[in-house]
1. Is at least one residue of the range A:65-83 within 14 Å of chain B (Cβ to nearest Cβ) and at pLDDT below 85?
2. Just the residues that are of a type outside the set (A, V, I, L, M), within 14 Å of chain B (Cβ to nearest Cβ) and in contact with a Leu (Cβ under 8 Å, 6 or more places away or on another chain), please, taken from the range A:166-185.
3. Give the range B:56-83 a look and list any residue that's within 22 Å of the chain's Cα centre (by Cα) and more than 16 Å from B:Arg26 (Cα to Cα), or say none.
4. Please go through (1) under 25 Å from the mean Cα position of the chain (by Cα); (2) more than 10 Å from chain A (Cβ to nearest Cβ); (3) among the basic types (Lys, Arg) for B:Arg107 and return the number of the only condition it doesn't satisfy.
5. Among the basic types (Lys, Arg), touching a helix residue (DSSP H, G or I) at 6+ places or on another chain (Cβ under 6 Å), over 23 Å from B:Gln141 (Cα atoms) and modelled with pLDDT under 95: is that true of B:Arg72 in this structure?
6. Might you let me know whether the range A:221-238 holds any residue that is among the hydroxyl-bearing types (Ser, Thr, Tyr), surrounded by fewer than 15 Cβ atoms within 10 Å (Cβ to Cβ) and either in contact with a strand residue (DSSP E or B) (Cβ under 7 Å, 6 or more places away or on another chain) or under 30 Å from A:Leu50 (Cβ atoms) (or both)?
7. Starting from the range B:23-38, keep only residues that are without any contact (Cβ under 8 Å) to a residue 60 or more places away in the chain, then list their pairs with residues that are in a strand (DSSP E or B) whose Cβ atoms are within a distance under 6 Å, requiring at least 6 positions of separation or different chains.
8. Return the residues of the range B:204-230 that are in a loop (DSSP other than H, G, I, E, B), closer than 28 Å to B:His187 by Cα and not acidic (Asp, Glu); say none if nothing qualifies.
Amino acid sequence: MSAVSLAEPVPLHRGGTVLMRPTIIPGFRLTLGITVTYLSVIVLLPLAALAVKAAGLGFGGLWTALATERVLSAFKVSFGLSLVGAAVNAVAGLLVAWVLVRYRFPGKRIIDAFVDLPFALPTAVAGIALTALYAPNGWVGALLKDWFGMKVAFTPLGIAIALTFIGLPFVVRTVEPVLQDLPPEEEEAAACLGASRWQTFRHVILPALMPALLTGFALAFARGVGEYGSVIFIAGNMPGVTEIAPLLIVIKLEQYDFAGAAAVGMLMLLVSFAMLLVLNLLQAWMRRRHAR
Amino acid sequence: MGLRLSGISKRFGDYQALDTVDLEVRTGELLALLGPSGSGKTTLLRIMAGLEQPDTGSLQLHGEEALGLKPRERGVGFVFQHYALFRHMTVLDNVAFGLKVRPRGERLPNAEIRRRVEELLRLVQLAPFADRYPAQLSGGQRQRVALARALAIEPKVLLLDEPFGALDAKVRKELRRWLRGLHDEMHITSVFVTHDQEEALELADRVVVMSQGRIEQVGTPAEVYDNPASTFVYEFLGQVNRLDCVVDGGIAALAGGALRVATGDPVQGPAVAFIRPHDVTLSPDPEGPGNVLGVVTVGPQARIEVGLAGQILEAEMPRDRLAQIGLRLGHRCAVQIERVRAFPRV
């Protein structure tokens, strides 16, 4: 072994909280002020109004408005199926992103444009199209009914399909750039070290994509929870079975039960916030593990 | 027998990356593939690893045909220029990767894997860094992790693609010396790619000089430096002067006949003389044919530009020697040339 010592220590990045760092946009106070004001007006103000309206019911009133069979099952449908849709999108969206990044084929640009369509389409149009397609007399619905005796429209499955439809772009568009930046050498290194293709995917590629995948998942999930237009047509809206929480709010509004609607809205907000917070924390933890 | 490549050709579209290359890598040697960018050296290395498939030719790995084998079946260690460490794994996990992905039957017990990895980390002097992530290491440390990772699978052949290319000059030099020491200890058949002639000459047992997809010359560092097989090798390895000359009966007449030097080359008529700067000796002489046009000092060495019958000849000598003989800008001088290689003028 050579006499030269190569073990020079490198300081670990263990910075405390840094309040100010030089940036190209001048005026920390000014920009922070604008940020807080903007967020307050755009996000916080409407939410505060919602909270105030719901609080008008008092604790007992909130309880009676929310602790009903119908509200609980609507929440189960909305959150449960949004999770299902987001999970399906996480897998399928990863696949789509993979194909779009890794392969060259004729018509790639067109397929790439297809991915964004769920963003652009009015959700009601998507809902009607999906319903027409999956209804027992629709093209796909009729086939599924004949072959498997399956019913899609007006069941939870139909809702899951609608939520999958509108959530796809989120996963594809968050994973795509990360996949593009993934150096091919890491995969080649894994191959040289004896890893099979599955092992390379599982241990090298997937962990690198995980933060982006989780972001896409969270976005698709959040979008699914709030989704209204595309779902109400295909859902059938049977209370307790295929009634989603946003629909419940609309129903309460139509009955002039504004405080009750606000209470449901408030609860949705809290649950969504809690789940997104957990996802964000998970992501922060993952990013910290291999910060560049 | 280590590696034998014969008739390897590879095209990328219109570009001929390799043109019928034959090469033998001997067991236990440290071989350098040296050439400018675009000479095909990295492609050749990637073909050895199985990361690239040649269009034609054959590759034998320890006597067995290997072209049909996937990279993971070849038992070859590969070190990338930019390390290609797994970012989300600690140093320990990076090095253990090759051992952990083995099929269940061949897998060592976890304790044994850990012991081997720790031993390797000691070997590359990174034992205290086992729990760090690659982002927390310097370039030189990352490259040593990459090396340990490649060695972990006990490869039959170690392939290194510009292993020091991304490092700064000082670290590069240390790591180079350290790698030489490591090779002397382990005697693992190794091939490394470089465009740095100094690196190739210092480190390798044998050097393969490549240009435009072909091998120009194979030999020990001394052989390729002292007896370059072509004008390309001459110019690529170190500084060289090119002077027009006329060869007659083994004597090269330079500078319109003012200078006559014996050359062993079988050339007759108009030729180009290749002269290393350190093979030129100058001495002050008011009647001499040379005229000092410039003096540049680099560390302990001095480079002197001499005008010689309308051509420029560069000479090199130690700085204190220059001071001793008292040669300065504008002086005339006598020129003596120790060695000349003459190649036909094209």
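1. Among the residues of the range A:65-83, not one is within 14 Å of chain B (Cβ to nearest Cβ) and at pLDDT below 85, which makes the answer no.
2. Correct list: empty.
3. B:Gly77, B:Phe78, B:Val79, B:Phe80, B:Gln81, B:His82, B:Tyr83 - these are the residues of the range B:56-83 that are within 22 Å of the chain's Cα centre (by Cα) and more than 16 Å from B:Arg26 (Cα to Cα).
4. Of (1) under 25 Å from the mean Cα position of the chain (by Cα); (2) more than 10 Å from chain A (Cβ to nearest Cβ); (3) among the basic types (Lys, Arg), only one is false for B:Arg107: (1).
5. yes
6. no
7. What qualifies is B:Glu24/B:Arg4.
8. B:Ala204, B:Thr220, B:Asn227, B:Pro228
The values are calculated or read from the model by the stated rules, or taken from the named source; none is laboratory data. Owing to the predicted nature of the structure, the values given are computational and were not obtained by experimental measurement. With ideal geometry, Cβ positions are generated from the backbone for all residues, glycine too; neighbour counts draw on all protein chains shown.
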